[in-house]
Amino acid sequence: MDEKGARQARKKDNPHKGHRERKRQQFLRYGADPFSDHELLEVLLFYAYGQRDTNPIAHALIDRFGSLAAVLSAPVEELEKVPEVGRSTAVLIALVPALYRKALISAASERAVILDTTQRCGDYFRALFAAQAREVFYQACLDGKGKLLNLYRISEGDVSSVTLNIRTIAENAIRANAVQVVLAHNHPSGIALPSADDIAATQDVERMLDTMGIRLADHIIAADSDFVSLRDSGYIT
């Protein structure tokens, strides 16, 4: 067999030879847009598995959770339940949205972020909550023109925990020398409608801030690509 025939035989024996490098080069040249969700996840998984074909694992993850966004927001312990996904792979997947959120917060501290309209608040917090698996509360402290002075992570858990952190909210506002405050939390369930607890906690915080001469500008509830403003909904005076 000549050299050309030997190369063709090797290619036939391993049809996936060079696949990883082709995908990497495709990403470097065109970015993520040409990739389907499972293909992009497949590329990420290259860095968790040595020489394995990661395409079936990417498909298994999306089949299990329903979408790429759901995969990225899944807890590590749930990711590990998918066959062939171990702790290291689950941590790698969980790191992606965590790094994004951290970078977003860092960028906000380095440049002026203006949250002076409902839309700006909603867009900012929807990005911050991207692929967040748990319900998390944030407090944005603003000056009189809506410039973000500081962002605090208040708590993690259900809305009732916020009522236990009113003192913390007040201390944060004083520390930041805030004129106004925006609260925000997410609904990982995917429905951005305020519950009775959401409304009650918001109104408790509003009364407390009012005694300090600080305005509660809004409380944003974010879910997937949607958000609701409690001020626009009439729950904040």
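Here is how the numbers come out for the structure above:
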{"read-out": "Residue count, region 57-94 (criterion: under 12 Å from the mean Cα position of the chain (by Cα) and of a type outside the set (S, T, Y))", "value": "6"}
{"read-out": "Number of the exception - R64 against (1) assigned to a helix (DSSP H, G or I); (2) open to solvent by less than 80 Å² (accessible area, probe 1.4 Å); (3) under 23 Å from F129 (Cα atoms)", "value": "(2)"}
{"read-out": "Those residues of region 193-237 which are part of a helix (DSSP H, G or I) and within 21 Å of K147 (Cα to Cα), in sequence order", "value": "V205, E206, L209, D210"}
{"read-out": "Residue satisfying all of: in region 76-130; in a helix (DSSP H, G or I), out of contact with any strand residue (DSSP E or B) (no Cβ under 8 Å at 6 or more places or on another chain) and of a type in the set (V, I, T); farthest from S225 (Cα to Cα) among these", "value": "T89"}
{"read-out": "Test: residue in region 138-149 that is surrounded by 13 or more Cβ atoms within 10 Å (Cβ to Cβ), in contact with a strand residue (DSSP E or B) (Cβ under 9 Å, 6 or more places away or on another chain) and modelled with pLDDT under 90", "value": "no"}
{"read-out": "In region 173-199, residue surrounded by the fewest Cβ atoms within 10 Å (Cβ to Cβ) [restricted to those that are over 16 Å from the mean Cα position of the chain (by Cα) and among the small types (G, A, S)]", "value": "A196"}
{"read-out": "Pairs where the first residue, in region 31-56, is touching a residue at least 40 places away in the same chain (Cβ under 8 Å) and closer than 16 Å to V96 by Cβ and the second is assigned to a loop (DSSP other than H, G, I, E, B) and open to solvent by less than 40 Å² (accessible area, probe 1.4 Å), C-beta under 6 Å, 6+ apart", "value": "L45/T54"}
{"read-out": "Condition met for R231 (over 24 Å from the mean Cα position of the chain (by Cα) and over 16 Å from E135 (Cβ atoms))", "value": "no"}
{"read-out": "Meets criteria (in contact with a Gly (Cβ under 8 Å, 6 or more places away or on another chain) and either open to solvent by less than 30 Å² (accessible area, probe 1.4 Å) or of a type in the set (D, E, K, R) (or both)) for E80", "value": "yes"}
{"read-out": "Cβ-Cβ under 7 Å pairs, at least 6 apart or on other chains, region 122-151 side within 14 Å of L216 (Cα to Cα) and among the small types (G, A, S), far side open to solvent by 40 Å² or more (accessible area, probe 1.4 Å) and at pLDDT 90 or above", "value": "G144/V179; G146/I114; G146/D116"}
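The values are calculated or read from the model by the stated rules, or taken from the named source; none is laboratory data. Quantities reported herein were computed from a predicted structural model and do not represent experimental measurements. Glycine also receives a Cβ, built like all others from the backbone with ideal geometry; neighbour counts cover every protein chain displayed. Ligands, DNA and RNA are excluded from the accessible area calculation, which covers all protein heavy atoms including side chains. Shrake-Rupley method; radii C 1.70, N 1.55, O 1.52, S 1.80 Å.
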